Amino acid sequence: RIVRELAAEGKSVVFISSEVEELPLVCDRILLLQHGTFSQEFHSPVNVDELMSAILSTDEFYRGT
């Protein structure tokens with residue numbers, strides 16, 4: 001609720017979470033970082049399956065598989 005109120009006031013909110021399902025509910029833009037490096041950007045509406053796929057494929061890249 002607080003995050004939505006701040007966003008409605010035009011303020012930027014940095015929301016860090018590993019809970020993939022909640023991100024599209026509170027974010028209009030999602031930046032995917034892997035090991036501290038920018039990987040991808042998503043804009044609302046975000047499909048959770050698409051986001052999860054990007055996370056998993058990027059993680060495999062960093063593991064070298």
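Throughout, read-outs are computed from the coordinates displayed, never taken from laboratory work. As the structure is a computational prediction, the values presented were derived from the model and not from experiment.
Normalised by the number of residues in the chain, the mean separation of alpha-carbon contacts (under 8 Å, six or more apart) gives a relative contact order of 23 percent. Helix 48-63 and the longest principal axis of the C-alpha atoms of the chain enclose an angle of approximately 40°. Taking Rg/Rh (Cα atoms, Kirkwood Rh) as calculated from this structure, the corresponding entry among (i) 1.06; (ii) 1.21; (iii) 1.01 is (iii).
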